[in-house]
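Encoded as structure tokens, the structure appears first; notes follow it.
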Amino acid sequence: MNNPDRINVAVVYGGRSSEHSVSCVSAGAVMSHLDPARYNVIPVGITQDGTWVVGETDYDKLAINGRTMPVVAGGQAVTLSIDPAHAGELRYTDGDNVGELYARADVIFPVLHGRFGEDGTIQGLFELSGVPYVGTGVLSSACGQDKEATKKLFNAEGLPIGQDVVLRGRTELTEAEKDLLGLPVFVKPARGGSSIGISKVESWDDFPAAVNLAREHDHKVIVESEIVGPEVEVGVVQYADGRVVASVPAQLVGTDASEEGFYGFDTKYLDNVVAAHIPAPLSQQHTALIQSLAVEAFHALSCEGIARVDFFVTEAGPVLNEINTMPGFTPISMYPQVFAASGVSYEQLLSILIERALATHRPKE
Ligand SMILES: Nc1ncnc2c1ncn2[C@@H]1O[C@H](COP(=O)(O)OP(=O)(O)O)[C@@H](O)[C@H]1O
Ligand SMILES: [Mg+2]
């Protein structure tokens, strides 16, 4: 039975993005780390078709099983009230009929990655519904999900980024663009995640196929010149009092030795070939620089609460790759690990995020 003295946390996961399964794995880990003395967990799954259902209470079922990724298969449908007078109410639905209360969430934790989860759309729903939620708001979510917007905002703040060209509609680069970028290039859906749809192109002959693959995920495609250097990831968290703190950096090891040749989907989640040095073996000066750049990147996008900021450390210094406004929370994900190495346990990290969400909620606006 739910204990009324505890905070009801609705953990929403799955969803319509290509990162559906990663979200399920992240959510399983989040739910099993929420301190039962303080929180009642309300699991809410979203199927790949977008139906909200009562979620899984056996968190082991949300783990990766061999090379099989979990999915939200279906179940009793529920809906979130969009009436602020009933903020946080989740009710069973049957066709068009809204029925009994499933649960009343004090706060929603959208453990969702990618489209319709990390891109501001669901954050807009929570704003309209008047329910507090973990993580960053509509604007920063939308900008963080779009690699073009992210880089433009980083650039406007004078933060270091690599060369890129955005393809709208066309499949070819001009000769001048090819010269600017050089080979190899990385071809990416502008609004993707988990490396899905990304190719490393070593020959211009392979370029159109890579653009077509990226377009399966987004009609807007971004082409970047290769940045050479180890990949370093930094967690950023914001406390209820507004303090923004960067974790120690992690340095990924083995991404280039992987079959994909970069930090691709299989390398990330399935192959168990990538490890990380935590903290990254960088000089104190480099570490401090990367941490301050991570905080600047967080503010460049007006982030709140949470972000993971990813870099390449080149010979000329750190270069920003991207920002994730709902980073992975799987047991092997960097975000919880870099904070554990910074003295903040997984459980504490979740509490900080929830307290921040509750502290900043503006119910009457
Ligand atoms: N410009 C680049 N230079 C070198 N490697 C890159 C570049 N862009 C991406 N990669 C490789 O591809 C991986 C996935 O790219 P990323 O932009 O982080 O996409 P996602 O949002 O899907 O994580 C990176 O972790 C890195 O290994
Ligand atoms: Mg990435």
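The values are calculated or read from the model by the stated rules, or taken from the named source; none is laboratory data. Predicted model only: the values in this text are computed from it and were never measured. Reconstructed Cβ throughout: ideal geometry from the backbone, glycine too, with neighbour counts over all protein chains shown. Ligands, DNA and RNA are excluded from the accessible area calculation, which covers all protein heavy atoms including side chains. Shrake-Rupley method; radii C 1.70, N 1.55, O 1.52, S 1.80 Å.
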If we keep only residues of the range 80-129 that are on the phi > 0 side of the Ramachandran plot and open to solvent by 20 Å² or more (accessible area, probe 1.4 Å), then the residue modelled with the lowest pLDDT is GLY95
Among the residues that make up the range 162-170, is at least one of them surrounded by fewer than 16 Cβ atoms within 10 Å (Cβ to Cβ) and out of contact with any helix residue (DSSP H, G or I) (no Cβ under 9 Å at 6 or more places or on another chain)? yes
Out of (1) modelled with pLDDT of 95 or more; (2) part of a helix (DSSP H, G or I), the one VAL22 does not meet is (1)
Any residue that is within 16 Å of ligand 2 (Cβ to nearest atom), of a type in the set (D, E, K, R) and either at positive phi or in the same structural domain as PHE329 (by TED's automatic domain parsing) (or both) - is there at least one of those in the range 152-161? no
Out of (1) at pLDDT below 95; (2) surrounded by fewer than 18 Cβ atoms within 10 Å (Cβ to Cβ), the one LEU183 does not meet is (1)
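Conditions tested, residue by residue: (1) open to solvent by 10 Å² or more (accessible area, probe 1.4 Å); (2) part of a helix (DSSP H, G or I).
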position: PHE298; (1), (2): no, yes
position: PHE312; (1), (2): yes, no
position: ILE332; (1), (2): yes, no
position: VAL338; (1), (2): no, yes
position: SER342; (1), (2): yes, no
position: GLN348; (1), (2): yes, yes
position: ALA357; (1), (2): no, yes
Is one or more of the residues making up the range 278-291 within 16 Å of ligand 1 (Cβ to nearest atom) and of a type outside the set (A, V, I, L, M)? no
Selection over the range 255-271 where residues are within 11 Å of ligand 2 (Cβ to nearest atom), open to solvent by 40 Å² or more (accessible area, probe 1.4 Å) and under 15 Å from LYS200 (Cα atoms) yields a count of 1
Taking the range 208-226 and the residues there that are surrounded by fewer than 18 Cβ atoms within 10 Å (Cβ to Cβ) and hydrophobic (A, V, I, L, M, F, W, C), the one that is farthest from ligand 1 (Cβ to nearest atom) would be ALA209
Those residues of the range 314-323 which are within 11 Å of ligand 2 (Cβ to nearest atom) and either surrounded by fewer than 21 Cβ atoms within 10 Å (Cβ to Cβ) or acidic (Asp, Glu) (or both) amount to GLU322
